[in-house]
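> Please see the structure below; I have some questions.
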Amino acid sequence: MPEQREVTILNASGLVIRADEDCASRIGRSKEDLTGRHLSEFCPPDLAEEFLSTLEKHARERTPFLAVVMIGGIWSMFLFRPRSDNGTDIVYDCFTERDWRGINLEVNGIPLYKFRYRDLGPLARLTRRELEVLKLIGDGLTSRQMSQVLHRSERTIQGHRISLGKKLGCRTKAELARIAADAGLPAMKLDQLGRFHG
């Protein structure tokens, strides 16, 4: 018998009826803090607007949808599916990118929305060069290889790694690689990193 997952329940107007731990942790809150509150109370206005307009549309149609959004520098996917007969309650499960990266999302014909809003979290404090170094760490490059790619000295690369560690609260290269992976940096090309700040 498959394991039952706890889910978060929202009504069509965006009120959280019940929150689950997984979803709450994705947005940096406790489930008790979210339950009984409206999305607009804990989501930035632009993100709340995107969620609510998509949620209201699909609640009227009683259809499921998938939303991909960056929250706190981590790509997360939310699967919303109708729960009640009248279409007013929506249940959603949260999956992070590494959980669903290999899944063929077209199989069930569920519409996928990649929200414009991006909460970069701690990544917002990084310079362009630090993002490049973080991406290359995520790619598994050594300091020497990074210095060749970026045309900088190994000492400069080490300085960027130290700065990254301080800004992101990481002690090891493995922790930095995990942050890079969660943000989807390894899948990007160096010249695409400007999207994070622009």
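Bear in mind these aren't lab numbers, they're just calculated from the coordinates by the rules spelled out. Here the structure is a predicted model, which means the values were calculated and not measured. When we count neighbours, we look across all protein chains shown, and the Cβ atoms used for this are built from the backbone with ideal geometry, even at glycine.
> Assuming R0 = 22 Å, what is the FRET efficiency of R178 and S25, from their Cβ-Cβ distance, to the nearest 0.05?
With a Förster radius of 22 Å, E is 0.90.
> Based on Cβ point charges of +1 for Lys and Arg and -1 for Asp and Glu, what charge dipole magnitude is obtained for region 122-196 about its Cα centre, in debye rounded to the nearest 20?
Its charge dipole is roughly 220 debye.
> If you don't mind, another one. Roughly speaking, what is the stretch gain from L15 to R125, that is 0.36 nm per residue apart minus the C-alpha to C-alpha distance, in nm to one decimal?
On the way: separation 110, 0.36 × 110 = 39.60 nm, distance 3.17 nm.
Roughly 36.4 nm would be gained on extension.
> Using the structure shown, select from K114/K189; K167/K189; K114/K135; K31/K135; K57/K189; K135/K166 the pairs with a Cα to Cα distance greater than 28 angstrom.
Working: K114/K189 19 Å; K167/K189 23 Å; K114/K135 21 Å; K31/K135 32 Å; K57/K189 35 Å; K135/K166 17 Å.
Among K114/K189; K167/K189; K114/K135; K31/K135; K57/K189; K135/K166, the Cα-Cα distance tops 28 Å for K31/K135; K57/K189.
> Would you mind computing, in nm to one decimal, how far apart the modelled labels at V149 and R195 are, each placed 7 Å from Cα along Cα→Cβ?
1.7
> Next question, about the same structure. If amide hydrogens are placed 1.01 Å from N in the peptide plane, which non-local residues have theirs closer than 5 Å to the one on C43?
HN-HN under 5 Å from C43: empty list.
> Rounded, prolate or oblate, given the Cα gyration tensor of region 129-189, with a/c below 1.5 counting as rounded?
Taking the square roots of the gyration eigenvalues as a ≥ b ≥ c, region 129-189 is oblate.
> Whose amide H sits under 5 Å from the amide H of I71, counting only residues 5 or more places off or on another chain, with H placed in the peptide plane?
Close amide H contacts, sequence-distant or interchain: S76, D119.
> Order the peptides 127-137, 59-69 from the highest to the lowest mean number of other Cβ atoms within 10 Å of their residues.
Final packing ranking: 127-137, 59-69.
> Could you give each residue of region 177-194 its phi-based ³J(HN,Hα) in whole Hz, using Karplus coefficients 6.51, -1.76, 1.60 with θ = phi - 60°, and x for Gly or Pro?
Running phi through 6.51 cos²θ - 1.76 cosθ + 1.60 with θ = phi - 60° gives 4, 5, 4, 4, 5, 4, 7, x, 5, x, 7, 9, 8, 4, 6, 8, 5, x Hz.
> Test of understanding: what is the full-extension gain from R62 to R81, defined as 0.36 nm times their sequence separation minus their Cα-Cα distance?
Here the answer is 6.0 nm.
> What FRET efficiency comes out for the pair S53/I162, r = Cβ-Cβ distance, R0 = 35 Å, nearest 0.05?
0.25
> Please report how far the C-alpha centroid of region 156-172 lies from that of region 8-34, rounded to the nearest whole angstrom.
33
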